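J.: Got a structure for you, questions after.
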Amino acid sequence: MASSFTYAALSTAIKNHLVRQGTDFAANIDTLIKLGEDRVVKDLDLEVFDATEAVTLTVDVTTITKPSNTIAGRTVWYTNGSSDRIQLRWRSYEFCQDYWPTPTDTGESKYISDLNETQWLVVPTPNATRTGQARFIKRPTSIITDTAGTWVSLRFGDVLFHACLIASEAYLKADDRMAMWKKEYAETLLPAAKREARSILRKD
């Protein structure tokens, strides 16, 4: 069975494993844990992390506001004037810019791309205000908030721990153990966690 962690146990394990007890590292530990949590949620790709919320395409506006705590979008659709459901197709930002270079021109939106942390870009620019829905990976409650333990930390603590060690690379700049951590995470821990959670893995 996988290890489980409370916030206190996880933060202590990270510091001890990296032999970093200074105040500078301690000040960044919550950020490293959040980065690790995001990595695990995306890599496990479980349906339990999905949520659905209403979204609005506004006439003459090229963006859609993402639902709060969105990690990544899955599907976004809207209902057009003929009551048909139109699913937006995911494309790169560059594709969207090339396809619809003049934002003031409008049409029936076909494509969507990540724009920034809070918005998606849609093209063509909507020619009418439309309502729809987004299905997306929603950031679960963090162990930083629920310090007694979360769905991830209590079930897949070893995976989360290694993801946090990998996230520390940006802070530490270099660590000769990084390749080992990445290999163990990708080749051993993550596949084992997916086998354990196979009943709730994304079917597609």
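J.: Scanning segment 40-50 for residues that are under 15 Å from R135 (Cα atoms) and open to solvent by 20 Å² or more (accessible area, probe 1.4 Å), which turns out modelled with the lowest pLDDT?
T.: Among those residues, the one meeting the criterion is D45.
J.: Another question, then. Considering each residue of segment 60-78, count those that are open to solvent by 80 Å² or more (accessible area, probe 1.4 Å) and either at positive phi or free of Cβ contacts under 8 Å to residues at least 40 places away in the same chain (or both), and give that number.
T.: Total satisfying the criteria: 2.
J.: Let me spell it out: the conditions are (1) open to solvent by 40 Å² or more (accessible area, probe 1.4 Å); (2) under 24 Å from V40 (Cα atoms); (3) outside any helix (DSSP H, G or I), and R195 meets all of them except one. Which number is the exception?
T.: Answer for R195: the failing condition is (3).
J.: So G81 clears everything in (1) in contact (Cβ under 8 Å) with a residue 24 or more places away in the chain; (2) surrounded by 12 or more Cβ atoms within 10 Å (Cβ to Cβ) except one condition, right? Which one?
T.: Of the numbered conditions (1) in contact (Cβ under 8 Å) with a residue 24 or more places away in the chain; (2) surrounded by 12 or more Cβ atoms within 10 Å (Cβ to Cβ), the odd one out for G81 is (2).
J.: Out of the residues in segment 98-116 meeting the condition of being exposed (fewer than 14 other Cβ atoms within 10 Å of the Cβ) and in contact (Cβ under 8 Å) with a residue 12 or more places away in the chain, tell me which one is nearest to A72 (Cα to Cα).
T.: Only one residue tops the list, namely Y99.
J.: Out of (1) modelled with pLDDT of 90 or more; (2) not in a helix (DSSP H, G or I), the odd one out for E37 is which?
T.: Condition not satisfied by E37: (2).
The values are calculated or read from the model by the stated rules, or taken from the named source; none is laboratory data. Predicted, not measured: the structure shown is a model, and the values here were computed from it. Cβ coordinates were reconstructed from backbone atoms using ideal geometry, including for glycine residues, and neighbour counts include every protein chain displayed. Just the protein is used for accessible areas: all its heavy atoms, side chains included, with ligands, DNA and RNA removed. Shrake-Rupley method; radii C 1.70, N 1.55, O 1.52, S 1.80 Å.
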